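Only one structure is covered here, and it is reproduced in the block below.
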Amino acid sequence: MALAPYPWLEAPARELARMRDRMPNAILIYGAPGTGLYELGLAFSKAVFCSDPRPDGSPCGHCRGCQLTQAGTHPDFKQVLSEFMCEQHNVPYTAAENDRGERKKLSRSILIHQIRVLEDFLALNANQGGRRIILVYPADKVRAEAAASLLKSMEEPPEGLTWVLVAEKLDDVLPTIRSRSRLVRAPQPDEEEALAFLRANRVKNAEAELAFAGGAPLAALEASDDERLQKKTEDAVLELLRSGPDITPNAILMAQPRDLTVPAFSLLLVRWSHDLMRTTLGLGPRYLVNEAENLGRLAKRTTPKLAAGFDDYARSVRRAADHPLNARQVWEQVFLKYMAVFR
């Protein structure tokens with residue numbers, strides 16, 4: 001189906017296409033990260049403005065509505081993305097008036113000023129005489145004050161307006177927002193389908209890359225800097241992790257890469273700790289399938305309880321990864337904790 005940006009999204013694309021004639025006030029598309037959720041929401045939003053859609057719901061690409069959406073200038077379409085996602089998807093970001101640009105990290109949350117600037121748009125009628133759409137992503141990372149403002153707009157929606165919300169963690173979306181939305185679940189592709197996609201895009205070691213990405217083909221195809229360390233840095237981290245009980249405090253200090261980023265490091269750490277815990281229980285690794293031999297060797301030097309404790313700690317580091325943490329301190333604390341797993 002042409003409306004689906006990827007083959008595994010055909011079912012939710014058909015479901016969305018059926019809503020076109022009777023659009024709800026809000027649609028919430030949700031599913032696993034790295035599977036094209038935003039691309040699906042964007043494709044559907046653009047298709048709504050087409051005056052001559054194809055039978056499958058995809059836009060014709062030639063009418064005035066299609067021309068405006070392709071140029072990014074349609075007056076009845078707004079996108080509200082986090083600063084980080086704006087950078088990822090080449091969407092202009094409007095900073096708050098009091099933002100001096102002093103932050104080193106791009107915000108991953110939807111902030112209150114991004115909802116407030118929509119007030120004028122919400123007060124207007126459709127410029128082209130049809131429907132208006134506001135696409136919000138990620139809807140599961142809308143700050144509390146912004147969520148309250150968003151909810152107020154959803155409770156009293158202007159005529160002809162539809163909110164298209166896209167979330168990777170449905171449980172993190174405000175329950176009152178979920179209850180006012182038509183839910184559309186986007187499935188993760190099966191392994192065969194995902195591997196076929198990666199091989200078609202000439203990804204080397206597709207099986208290992210897909211496993212490392214947790215089955216998310218887009219993450220395996222091209223991970224962001226916050227999702228994957230640089231190859232040299234990743235190799236250095238893995239080399240230290242493989243050392244396990246042989247790690248020394250001096251080795252920890254000497255091995256720290258200069259370009260270490262906490263988000264990507266924490267993600268690798270969580271995957272390693274999860275696989276180590278699985279291996280102590282007699283299961284194979286889920287993410288780092290090429291490390292099965294090393295994980296098996298290390299599993300003999302610890303216990304499931306100790307491995308599970310380190311996995312809990314690794315996840316706490318992951319949850320705090322978006323905060324302005326000192327990379328050196330995180331590095332040292334992580335490996336000191338890791339050393340204790342083998343004692």
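The values are calculated or read from the model by the stated rules, or taken from the named source; none is laboratory data. A quick note: this is a predicted structure, and the numbers were derived from the prediction, not measured. Every residue, glycine as well, gets a Cβ built from its backbone with ideal geometry; the counts of neighbours run over all protein chains shown. To get the accessible areas, we keep the full protein, side chains included, count just its heavy atoms, and leave off ligands, DNA and RNA. Shrake-Rupley method; radii C 1.70, N 1.55, O 1.52, S 1.80 Å.
Here is a yes/no grid of residues against (1) acidic (D, E); (2) in contact with a Ser or Thr (Cβ under 6 Å, 6 or more places away or on another chain); (3) under 21 Å from T73 (Cα atoms):
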residue: L111; (1), (2), (3): no, no, no
residue: R132; (1), (2), (3): no, no, yes
residue: A147; (1), (2), (3): no, no, no
residue: D171; (1), (2), (3): yes, no, no
residue: I177; (1), (2), (3): no, no, no
residue: V184; (1), (2), (3): no, no, no
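Just to be sure, is E222 within 23 Å of L42 (Cα to Cα), in contact with a Pro (Cβ under 9 Å, 6 or more places away or on another chain) and either acidic (D, E) or modelled with pLDDT of 95 or more (or both)?
Numbers: within 23 Å of L42 (Cα to Cα): yes; in contact with a Pro (Cβ under 9 Å, 6 or more places away or on another chain): no; either acidic (D, E) or modelled with pLDDT of 95 or more (or both): yes.
No; evaluated as a whole, the condition is false for this residue.
For the stretch 289-324, what are the residues that are open to solvent by 70 Å² or more (accessible area, probe 1.4 Å) and either closer than 14 Å to L267 by Cβ or touching a Leu at 6+ places or on another chain (Cβ under 7 Å) (or both)?
R315, R318, R319, D322
Quick test for you: out of L150, L111, L122, pick the one residue that is touching a residue at least 12 places away in the same chain (Cβ under 8 Å) and in contact with a Pro (Cβ under 6 Å, 6 or more places away or on another chain). Give the derivation first.
Details: L150 fails: in contact with a Pro (Cβ under 6 Å, 6 or more places away or on another chain); L111 fails: in contact with a Pro (Cβ under 6 Å, 6 or more places away or on another chain).
Sole residue among the options that is touching a residue at least 12 places away in the same chain (Cβ under 8 Å) and in contact with a Pro (Cβ under 6 Å, 6 or more places away or on another chain): L122.
Could you list all residues from the stretch 260-288 that are farther than 19 Å from S224 by Cβ, open to solvent by less than 30 Å² (accessible area, probe 1.4 Å) and aliphatic (A, V, I, L, M)?
Matches in the stretch 260-288: L276, L288.
What helices (runs of 4 or more DSSP H) completely inside the stretch 12-131 contain at least 2 residues that are among the acidic types (D, E)?
83-89, 119-123
Among the residues in the stretch 162-183, are any of a type in the set (G, A, S), surrounded by 17 or more Cβ atoms within 10 Å (Cβ to Cβ), touching a helix residue (DSSP H, G or I) at 6+ places or on another chain (Cβ under 9 Å) and more than 24 Å from R22 (Cα to Cα)?
Applying the first criterion (of a type in the set (G, A, S)) to the stretch 162-183 yields 167, 179, 181.
Next, only the ones that are surrounded by 17 or more Cβ atoms within 10 Å (Cβ to Cβ) stay: 167, 181.
Still in the running and touching a helix residue (DSSP H, G or I) at 6+ places or on another chain (Cβ under 9 Å): 167, 181.
Next, only the ones that are more than 24 Å from R22 (Cα to Cα) stay: none.
No: the stretch 162-183 contains no residue that is of a type in the set (G, A, S), surrounded by 17 or more Cβ atoms within 10 Å (Cβ to Cβ), touching a helix residue (DSSP H, G or I) at 6+ places or on another chain (Cβ under 9 Å) and more than 24 Å from R22 (Cα to Cα).
Regarding L106, is this residue over 20 Å from F49 (Cα atoms), at pLDDT 90 or above and surrounded by 13 or more Cβ atoms within 10 Å (Cβ to Cβ)?
So L106 does not fit the description; no.
Output yes when any residue across the stretch 231-246 is within 23 Å of the chain's Cα centre (by Cα), part of a loop (DSSP other than H, G, I, E, B) and under 21 Å from P33 (Cβ atoms), and no when none is.
Taking every residue of the stretch 231-246 in turn, none turns out to be within 23 Å of the chain's Cα centre (by Cα), part of a loop (DSSP other than H, G, I, E, B) and under 21 Å from P33 (Cβ atoms).
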